[in-house]
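Below: one structure, written as structure tokens.
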Amino acid sequence: MEITEAHRLWDAAPGWLNTASYGLPPRVAWIALQEALDDWRHGRTSWEGWDTSTARSRAAFAELLGVPTADVAVGSTTSGLLAPVAAALPDIARVVLPDIEFTSNVFPWMVHADRGVEVVAVPPGQLVDAVDRRTTVVTFSAVQSATGEVADFDALVEAARAVGAMVVVDASQAAGWLPLAWSRADVVVASAYKWLMAPRGAAFGYLSPAVRERFRPLQAGWYAGTDPHASYYGPPLRLAEDARKFDISPAWFCFVGAAPALELLVELGVERVNAHNVALANRFRAGLGLPPGDSAIVSTDVPDAESKLAAAGIRAAVRGGRVRVSFHVYSTEADVDAALDALA
Ligand SMILES: Cc1ncc(COP(=O)(O)O)c(C=O)c1O
């Protein structure tokens, strides 16, 4: 299927330019969710059927990132998945991150200040240079929430490797549209309610085998068990051998909505979604007289942009005083042109 045809698989009302805030479900995901909710309402089924969506989601996320399924844990939020990673830092540690980083990848590190974990925040363009022999972790969003800036992933991985630092990436604004050699990082976390178009409450973490042995599965419950269905009661501790030991019990309905959306992204292909999204972003940039970029998110400070877009019924976000628009697989050239007309 051509990507330009794919928007027919959604029911997006024209003018949704805010996937960086939350993504819209494909119809197939919406229907799956309604059916599960209806079954819940009437008590027609047991929950195990809903939980098959968790395994499907995990496998699709792994495929999108090009990492083994066994290295993916499921969670609920970005910050929650990062908590055990940060807790595993030694008492004296230095974490280098961008000063505009979304706080779900800032606070999990900063709460360890009392035991000597220092967070050094620098402008994104200075991140590579800020990595030195004292650095324990380099962490950054692959795509910045506020600006849409795409990180120099390869340069950051190389800088980190040169000093033996761990690389932790927040892919919440990138997974689903940005093709990257994700497995070069040690840890990649993503909330799924934006570009992965799932209901709020599903998140994923790639935890490479080498580093996760150092992490304590601080949130382990029955679902992190070797066999969750044989882990309901009592000792001994019997956790999964792979990244599943970092799972939290899934919020069923979020994953029911997540699985079809992620599988559709796999089918469409991240490269093609990337080409579509960036082309629309660049059509928007050209309309404003800006040079082309490499992001699906455009942040700009057209005067009165917020009220002009709102008056035209276009839904965008304001971040750091600038208007932020974002384009995904269901966005169309008509959406771009409507936004440009509104801003003209
Ligand atoms: C880069 C980034 N990370 C994470 C999140 C959300 O994190 P959490 O799942 O912890 O709420 C957002 C939400 O805007 C984000 O932009």
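The values are calculated or read from the model by the stated rules, or taken from the named source; none is laboratory data. Please read these numbers as outputs of a predicted model, since none were measured by experiment. Note that each Cβ is placed from the backbone with ideal geometry, even for glycine, and that neighbours are counted across all protein chains shown. These accessible areas exclude ligands, DNA and RNA; they are computed on the full protein's heavy atoms, side chains included. Shrake-Rupley method; radii C 1.70, N 1.55, O 1.52, S 1.80 Å.
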**Fill in**
Asserting the computed 222 nm helical MRE of the chain (DSSP H runs at least 4 long, -39500 (n - 2.57) per run, divided by residue count, to nearest 500) equals -10500 deg cm²/dmol
**Item:** Distant-in-sequence amide H partners of residue 149 (H built 1.01 Å from N, under 5 Å)
**Value:** 144
**Fill in**
Length gained, residue 63-residue 161, 0.36 nm per residue minus C-alpha separation, equals 32.8 nm
**Message:** Could you give each residue of the range 183-196 its phi-based ³J(HN,Hα) in whole Hz, using Karplus coefficients 6.51, -1.76, 1.60 with θ = phi - 60°, and x for Gly or Pro?
**Reply:** 5, 6, 7, 8, 9, 10, 10, 8, 7, 9, 8, 9, 6, 8
**Request:** Read phi for every residue in the range 152-163 and hand back ³J(HN,Hα) as whole Hz from Karplus 6.51 cos²θ - 1.76 cosθ + 1.60, θ = phi - 60°, with x for Gly and Pro.
**Result:** 7, 4, 4, 5, 5, 4, 5, 4, 5, 4, 4, 10
**Prompt:** Leaving out ligands, DNA and RNA but keeping every protein chain, what accessible area does residue 110 have, in Å² rounded to the nearest 10, with a 1.4 Å probe?
**Reply:** 90
**Request:** Using only the alpha carbons, work out the radius of gyration and Dmax of the range 179-322 in angstrom.
**Result:** 20.6, 65
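Ranked highest first by average number of other Cβ atoms within 10 Å, how do 182-188, 85-91, 288-294 line up? Write out the running numbers ahead of the final one.
Numbers: 182-188: 21.9, 85-91: 16.6, 288-294: 11.4.
Answer by packing, highest mean first, reads 182-188, 85-91, 288-294.
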**Prompt:** What's the carbon and sulfur percent of the chain's accessible surface, probe 1.4 angstrom, rounded to a whole number?
**Reply:** 55
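Give me the mean projected area, in nm² to one decimal, of the convex hull enclosing the Cα positions of the chain.
Working: hull surface 73.1 nm².
Quarter of the Cα hull surface area: 18.3 nm².
Want the number for residue 300 to residue 126: 0.36 nm per residue separation, take away the alpha-carbon distance, what's left? Before the final figure, lay out each step's value.
Values: separation 174, 0.36 × 174 = 62.64 nm, distance 2.16 nm.
60.5 nm is the gain from fully extending residue 300 to residue 126.
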**Message:** With equal scatterers on the alpha carbons only and no solvent term, can you work out the Debye log10 of I(q)/I(0) for the range 98-254 at 0.09 1/Å?
**Reply:** -0.33
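For the range 48-266, what does the accessible surface come to per residue with a 1.4 Å probe? Please give it in Å².
Accessible area per residue: 38 Å².
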**Asked** What whole number of Å gives the distance from the Cα centroid of the range 76-118 to the Cα centroid of the range 133-158?
**Response** 14
**DSSP-assigned coil residues among GluC sites (Glu not before Pro) in the range 232-324, each with at most 11 further Cβ atoms within 10 Å** = 241
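For the range 255-341, count all C-alpha to C-alpha pairs, find those more than 15 Å apart, and express that count as a whole percent of the total.
Details: 2294 of 3741 pairs.
Of the Cα pairs, 61 percent sit more than 15 Å apart.
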